[in-house]
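Computed from the coordinates by the stated procedures, all read-outs in this text should not be read as laboratory data. The structure presented is a predicted model; accordingly, all values stated were derived computationally and were not measured. Neighbour counts are summed over all protein chains in view; Cβ atoms, including those assigned to glycine, are modelled from backbone coordinates with ideal geometry.
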Amino acid sequence: MIFQRFDTPDWLTRLFQGALGILGFYAAIRFLPRVLKSMTRRFLFGLIGEILLVALGLFLTRRATDGPRRREPLNGKEPSPSSSS
C-alpha cells in the first residue's frame, strides 16, 4: 500500500498562492492608507459629535431639573402679586 501525501501543494497551487499573495500585498499597500485615513476621519468626527451631543443633553437635563428660578426679593420684601413684569 502506497501512502500519498495530499497536504503538500503541487507547483500550480504554489504559483496561484504566490500570485494571490503578491496581489494582496499590492492592494494593502495601495488602498490601506486611504482606508485608514477615511476611517480615522469618520471616527474622529463621530466621536466629537457624540461628545457634543452628550454635553448638550447633560446641559439641557440640568436646566430642566433645576426648574424656573425664583426672583430675589427687593430690599428683603416679597414682590406684590399684582405687579407683573
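Details
- If you plug the beta carbon distance of Leu44 and Ala64 into 1/(1 + (r/R0)^6) with R0 = 30 Å, you get a FRET efficiency near 0.50.
- Gain in span if fully extended, Lys37 to Leu23, counting 0.36 nm per residue against the direct Cα distance: 2.9 nm
- Under the Karplus curve 6.51 cos²θ - 1.76 cosθ + 1.60, θ = phi - 60°, whole-Hz ³J(HN,Hα) for segment 31-41, x wherever Gly or Pro sits: 9, 5, x, 5, 5, 5, 5, 5, 5, 5, 4
- Phi to ³J(HN,Hα) by Karplus 6.51 cos²θ - 1.76 cosθ + 1.60 over segment 49-65, Hz, x for Gly, Pro: x, 5, 4, 5, 5, 5, 5, 5, x, 5, 4, 5, 5, 5, 5, 6, 7
- Couplings for segment 12-20, taken from phi via the Karplus curve 6.51 cos²θ - 1.76 cosθ + 1.60 with θ = phi - 60°, read 6, 5, 5, 5, 5, 5, x, 5, 5 Hz in order; Gly and Pro are left as x.
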